[in-house]
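The values are calculated or read from the model by the stated rules, or taken from the named source; none is laboratory data. The structure presented is a predicted model; accordingly, all values stated were derived computationally and were not measured. Please note: Cβ atoms are built from the backbone with ideal geometry, for glycine as well, and neighbour counts cover all protein chains shown. Heavy atoms of the whole protein, side chains included, go into the accessibility calculation; ligands, DNA and RNA do not. Shrake-Rupley method; radii C 1.70, N 1.55, O 1.52, S 1.80 Å.
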Amino acid sequence: MRIAPSPTPDSPAPWASGVAPLDAALHGGMARGCVHEVYAADAADVAAATGFALGVATGFCAPAGGLLWLRTRRAVRGAGVLQAPGWAEMGGMPGPALVGVVGDDLALLRAAVDGLRCAALSAVVVESWGAMKALDLTASRRLVLAAERSGVPLLLLRSDASPVPSAARTRWQVAAATSAGLEARAPGAPTFDVTLLRQRSGPCGQSWRVEWDRDQRMFREAPLSGAVVSVPADRPAAQPPVPLFPQRHAA
Amino acid sequence: MALVERMRGALRLSAVNAAALAMGIAPGMALADARALLPDLYVADADPAGDAHGLAQLAQRCLEWSPLVTPLPPDVITLDITGTDHLFGGEAALSAQVEDAFAALGLTLRHALATTPEAAQALARHATTPAPDERAAIARLPVTALGLDSEATLALQRAGLTDIGALLTRPMASIAARFGADAVTALRRLSGEAQAPIAALAPVAPLRFTRRFAEPIGLQSTIAASFAALLHQAAAVLMARDLGGRAFVLTLYRSDGARHRLMIETGQPTRDPALVLRLFDERIAALADPLDPGFGYDQIRLSVPHTEPLRAVQPDLDGAGQASDALAELIDRLSTRLGPDALRRLVPYDSHLPEQAQRAIPAQGNTPAPWPAPPAAEPPLRPLFLFDPPQPVEVIAEVPDGPPQRFRWRRQLHEVRLFEGPERIAAPWWLHGDAPGLTRDYYRIEDKAGRRYWIFRHGLYEEKPDPRWYIHGQFA
């Protein structure tokens, strides 16, 4: 039995996330044509996990690709209604995207397989809430096969769930992290604590604190706690802000 | 208003509206003369091909009242209502119905009923004083009703023959000798002595394909095979007519008289049997009760109620067309399986209320709309998720308009670390005059764990003694 994935010679290039140690751990970046699982560390971290998945999906879709975003009704109740204005504010492209809301997990997975078979898409995001009974190893393998055949990556976003065995290439755990505040104590760019829980044929267990750079559509390493705040290019430089509160370090 | 056309090297008016006519502007006038008379005359280019197309469309509509409809460009439609008027309650009721239908389209019309198409046309164009019968009415028509060229008409008038009645009393031979054979032909057609050929609209056969079985068939594979054969038959007919179906209906006739009707719709016109077959598979799989063939089906029928033009195209070199086809196919498939409203596109809507700034429209049959790019080097100002409805939270904040210090949401206490606000969003006072609703003060908040929320106070302290706080959204 083979454990290692069989890399095909003409597999599409991975998307480099912009965080060098993270990309090194992933052998170049987030691979296309496979399944990435993103777990929210806590039910309250669903927006952070979604933000991380959205960042990766935006990277996959650049410069102008279509995205299929599938959600269950339970995810809509838990996380809220997906907002295109906020999506665009994250640097994403909600215009060409398709958003589907389905009733149950089985319909979600079937729609995901259909989406993965459509090579016209650049990425598929599947957002579930709670334990997914329908997602056993067979279903997971089916998703992987569909993704490998078309080269379309799948981001499986799971909230309020604990990791189960699957055929995914990588598994991430995402928690919200304190942002580098702007002047006048305003919250800054989206910041996440991401942990690579598992990777097929690669190192795992590392954590990074990453910040989403909307203008570059890339992640960057978040400044460590207490570090200076980056000064925006088009605003007058303010007084260097003093750290307001001691921040917790990345685990 | 007037329409202009280039005639004999000059821009001339080809048609004018009633208001222009009242100002002394007439068709045939040079545009320069008309402008001299009425400087602010609104002028547009005449479009004879478009007029002919519009007339053909109207003629299609008239098939409702008669099977024999003849469009005669530029502006006449004749209906042969022999034997059909009683279906609509008689000639007068039918005329009223036609008038109403055209009035609903914003068109005015003049109509006349006569035994021959030519007589009806002449009567409609040159309305005369009321006459006891059709013959008398025709006799009162002016000679211009013959539709001869201006020279012949002028000659008739010079000869003192001003109406058709005067002509009819003269021997035909002398009319032919003096005014030409055309005059006699026109006169004979007007009086019903001769018939002109009719070039009626050819009725289009409905797209309906039926297969009857010698005995009831219950085997699924056999039914599927005959359905595929029907689809190929339909595809051939659609291709010959340069059409693609937007909706397909399959009716299964069970031997005990029950019928099952299944319908699918596509976002783009198609005639690909494999694609339609897949969509029907999805439709059948999504049925609440599975199809029960019972003792078998004795007939299946495929009809295509909604078609759109679809020309054969060559694939692009870069495969862009194929990608959009694949996407349309995915949209059709998911919309068929999950319901037409399940798959949506988000399009911007111009509203300052955050919960109304986007519209989710069905993906099938709609095109994407671009979203404006956010300003550079700013954090996201609108959340990724909004709660519908907003969820109440217990907040400790400074009175009257300080930011929240800590709040309790979903039984968890959050200490506010960073905040920005308030962003004041007023209720739409222009919609609800007396009770516009409360102003909302929004704060972008980050708690000690780094979770970012959008919280608002519903109402100012001037508006309400004890305004409530709500969490409206979550930032990534």
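Laid out as a table, the results:
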| quantity | calculated |
| --- | --- |
| Estimated dipole of the protein assembly as shown in Debye, rounded to 20 [Cβ of Lys and Arg +1, of Asp and Glu -1, Cα centre] | 1720 |
| Inter-part distance where region B:320-360 and region A:53-87 are each reduced to a Cα centre, Å | 13 |
| Compactness of region A:33-215 - radius of gyration and Dmax, Cα, Å | 15.5, 52 |
| The protein assembly as shown - share of DSSP beta bridges that are antiparallel (%, nearest 5) | 75 |
| Surface per residue (accessible, 1.4 Å probe) for chain B, Å² | 55 |
| Accessible carbon and sulfur surface of region B:55-125 relative to its total accessible area, %, 1.4 Å | 58 |
| Rounded to the nearest 20 debye, dipole of chain B from Cβ charges on Lys, Arg, Asp, Glu | 560 |
| Average silhouette area of region B:385-475, convex hull of alpha-carbon atoms, in square nanometres | 6.0 |
| Diffusion constant of the protein assembly as shown at 25 °C, which comes from Stokes-Einstein with the Kirkwood Cα-pair radius and 0.890 mPa s, µm²/s | 76 |
| Whole-number percent relative contact order across region B:2-46, with pairs defined as alpha carbons under 8 Å at least 6 apart | 43 |
| Residues losing 20 Å² or more accessible surface upon assembly, region A:78-93, compared with the chain by itself, 1.4 Å | A:Gly78, A:Ala79, A:Gly80, A:Val81, A:Leu82, A:Gln83, A:Ala84, A:Pro85, A:Gly86, A:Ala88, A:Glu89, A:Met90 |
| Angle in degrees between helix B:320-338 and the longest Cα principal axis of chain B, rounded to the nearest 10 | 70 |
| P(r) tail fraction, region B:139-224 - alpha-carbon pairs more than 14 Å apart, % | 72 |
| At least 40 Å² of accessible area lost relative to the chain alone, listed for region A:108-141 with a 1.4 Å probe | A:Arg110, A:Asp114, A:Cys118, A:Ala120 |
| About the Cα centre, charge dipole magnitude for region A:33-215 (Lys/Arg +1, Asp/Glu -1 at Cβ), debye | 600 |
| Volume per residue that the Cα convex hull of region B:2-46 spans, once the total is divided by residue count, Å³ | 54 |
| Share of carbon and sulfur in the accessible heavy-atom surface of region A:33-215 [1.4 Å probe, %] | 52 |
| At least 10 Å² of accessible area lost relative to the chain alone, listed for region B:380-407 with a 1.4 Å probe | B:Pro380, B:Leu381, B:Arg382, B:Pro383, B:Leu384, B:Phe385, B:Leu386, B:Phe387, B:Asp388 |
| Mean projected area in nm² (Cα convex hull; one quarter of hull surface) for region B:208-335 | 8.2 |
| Mean separation of Cα contacts under 8 Å, 6 or more apart, over the residue count of region B:385-475: relative contact order % | 29 |
| Helix axis angle, B:220-240 relative to chain B longest principal axis, alpha carbon, degrees | 50 |
| Between 0 and 90°, nearest 10: helix B:273-285 axis offset from chain B longest Cα axis | 50 |
| Anisotropy class of chain B from Cα gyration tensor, a/c 1.5 cut | oblate |
| Estimated [θ] at 222 nm from DSSP helical runs (n ≥ 4, -39500 (n - 2.57)) normalised by residues in chain B, nearest 500 | -9000 deg cm²/dmol |
| B:Ile175 - accessible surface, heavy atoms, 1.4 Å probe, Å² rounded to 10 | 10 |
| Cα centroid of region B:386-426 to Cα centroid of region B:171-193, whole Å | 93 |
| Rh by Kirkwood over Cα pairs, then Stokes-Einstein D for region A:151-223 at 1.306 mPa s and 10 °C, µm²/s | 112 |
| For region A:45-185, with +1 on Lys and Arg beta carbons and -1 on Asp and Glu, the positive-most of A:Leu182, A:Pro153, A:Leu67 along the dipole | A:Pro153 |
| Nearest-10 value in Å² for the accessible area of B:Glu308, using the 1.4 Å probe | 60 |
| Distance from region A:149-207 to region B:8-22 (C-alpha centre basis), Å | 71 |
| Over chain B, relative contact order from alpha-carbon pairs under 8 Å, at least 6 apart, % | 7 |
| Projected area averaged over orientations for region B:73-189, convex hull of C-alpha atoms, nm² | 8.5 |
| B:Thr162, A:Thr72, reordered so the largest accessible area comes first (probe 1.4 Å) | B:Thr162, A:Thr72 |
| Contact surface B-A: accessible area buried, both sides summed, square angstrom, 1.4 angstrom probe | 5100 |
| Gyration tensor over alpha-carbon atoms, region A:1-141, equivalent ellipsoid semi-axes in Å | 23, 20, 16 |
